[in-house]
Amino acid sequence: MEPQLTKYVSLVKMEEMAPRFTEPSKGPKTYSVEEAVETIGFGRFHIMLFLIMGSTGIAEAMEIMLLAVISSSIRCEWRLQSWQVALVTMMVFLGYMIFSIVLGLLADRYGRLKILFISFLWGAYFSLLTSFAPTYGWFVFLRCMVGCGFSGHAQGLIIKTEFLPKNFRGFMLPLTQLFWLGGSLLIIGLGSVVTPTLGWRWLVRFASIPGIILILVFKFVPESARFNVSVGRQQAAMDTLGKIAKMNRSKIPEGTIHEPVSETTGSLLDLLDRKYLRTSLQIWVIWLGIAFAYYGVILASSELLENNLLCGTGRVVDVVEGDYSPCYCNMLSPSDYQTMIISTVGEIALNPFNILGINLIGRRWTLGLTMTTTGIFFLLLIICLSRTGLIAILFCLRALVSANFNTIYIYTAEVYPTVMRAIGMGTSGSLCRVGAMAAPFIAQVLLSTSIIGGVCLFAIICFICALSAFTLPIETKGRALQQVK
């Protein structure tokens, strides 16, 4: 081989053996919403968001507990039978069930904040109208319309969930129960003062005030950045995240948001997709059972006290002259209001343990254990109890059913991706109201004839939900929120 050719071949081999250095890409830097939320961290914005969105629980609790507080008053005013009182609660939840799916679909398409605002405006308007209801029929219709407004309140939890860093969700979301407790205690306290003096109509008017106030303060809450990205509004999401970072005295990652944009928003068919089918079905069973137990406890508390069903004794029936229908006119006494307050305080009793369980052993096992214990405590109501014993059992039951609701709310908001999170919550909320609609007929009708039958039914449903919770296919503890399907 010629010397020059040999030299050329050697140079080629040396070049091939030499390490190659590639220049770093000079393209624009990008980041995801999840990375931005984690980088910004927890701060003043999240505290403000927690206070405003948490207060939605005050408004909803007052409207829900209102039914238990005024049930004896409307029973007397319109000479209602037990099934007619139960029908009021059922119609409220029927409105909730129908609109929950509709508003969930709209929230995934048009935004969480818009739907939240509309639902509160709707609810406050019809709540005020309820106080002027001239007849029982009008009262039922207007409360049903209020229930339609309730169905959008879940968007407040979704907004909180989508802005919170993952390590704070398990701590901050359960604390929302403090606001629900505050609303429940407030309406019971107002009921004990307002109902005997001004009447139940003024109590309904007072109950609508928190919702009216929240309508005015929603302007301080931004639309979810995750939602904006899911519909292709990257700049709006970046502006929102920038304001949050400034408020928290933090910063967002360098560059621009880069996330896949979903071509379609969530639908009912997505919930039944192979990937989420089992999860959806089991979640729906749990939601239905939890609502059945929760509202059963609330309404049973009032029924057991109002109609003197301790140890199987029956209610006192007062037959109105000229009317063959019995009018059960046993107004709640001051001691009954005190008992309701004590049992309601139970809603917060398990909160510290619930938070520990959610963060240490996970959402599934925490829910399964509390649901099992709820069923056991329902069975304890079969035992002939003194008033003190009844208060103790009701206190524990309120603590357990509240913990169940806390956990399933968190799990459902975390398990579905952003593009179908609202419809996932909406559908679950809709199925939840099926249980809520059945509860008054068991707690206010069946219990008056067979305490054992009613209590055992509540317990069996709780045990079925516990089994479903233990076998959920996905654990969301420490899991980042998914953006797309």
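Data overview
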{"quantity": "Extended-chain gain in nm, criterion 0.36 nm per residue less alpha-carbon gap, Arg205 and Met247", "calculated": "11.5 nm"}
{"quantity": "Surface share of carbon and sulfur [accessible, 1.4 angstrom probe, percent] for the stretch 404-485", "calculated": "74 percent"}
{"quantity": "Surface accessible to a 1.4 Å probe, per residue, for the residues of the stretch 163-293, Å²", "calculated": "47 Å²"}
{"quantity": "Theoretical FRET efficiency, 1/(1+(r/R0)^6), r = Cβ-Cβ of Asn167 and Gln81, R0 41 Å, to 0.05", "calculated": "0.20"}
{"quantity": "Entries in Lys219/Lys251; Lys219/Lys477; Lys246/Lys477; Lys29/Lys114; Lys29/Lys243; Lys160/Lys243 that, when Cα-Cα distance is taken, lie over 26 Å", "calculated": "Lys219/Lys477; Lys246/Lys477; Lys29/Lys114"}
{"quantity": "Per residue accessible area in Å² of the stretch 345-410, where ligands, DNA and RNA are left out and the probe is 1.4 Å", "calculated": "37 Å²"}
{"quantity": "Residues Asp239 and Val217, FRET efficiency given R0 of 25 Å [Cβ-Cβ distance, rounded to 0.05]", "calculated": "0.75"}
{"quantity": "Within-12-Å neighbourhood charge of Gly156 [Cβ basis; K, R +1; D, E -1]", "calculated": "0"}
{"quantity": "Protection proxy ranking, peptides 469-481, 373-385, average beta carbon neighbours within 10 Å, highest first", "calculated": "373-385, 469-481"}
{"quantity": "In nm, spacing of pseudo-spin labels at Ser333 and Glu38 (7 Å Cα→C-beta vector)", "calculated": "5.9 nm"}
{"quantity": "Mean shadow area of the stretch 166-221, taken as a quarter of the surface of its Cα convex hull (nm²)", "calculated": "4.8 nm²"}
{"quantity": "Fully extended contour minus Cα-Cα distance, from Leu178 to Ile342, at 0.36 nm per residue", "calculated": "57.6 nm"}
{"quantity": "Exposure of Glu60 as accessible area (Å², to 10), given a probe of 1.4 Å and all protein chains", "calculated": "20 Å²"}
{"quantity": "Highest-first arrangement of 187-197, 430-440, where packing means the average Cβ count within 10 Å", "calculated": "430-440, 187-197"}
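The values are calculated or read from the model by the stated rules, or taken from the named source; none is laboratory data. Please read all numbers here as calculations on a predicted model, not as lab measurements. Because the Cβ atoms are built from the backbone with ideal geometry, glycine has one as well, and the counts that use them run over all protein chains shown. Areas reflect the complete protein model, heavy atoms only, side chains present, ligands, DNA and RNA absent. Shrake-Rupley method; radii C 1.70, N 1.55, O 1.52, S 1.80 Å.
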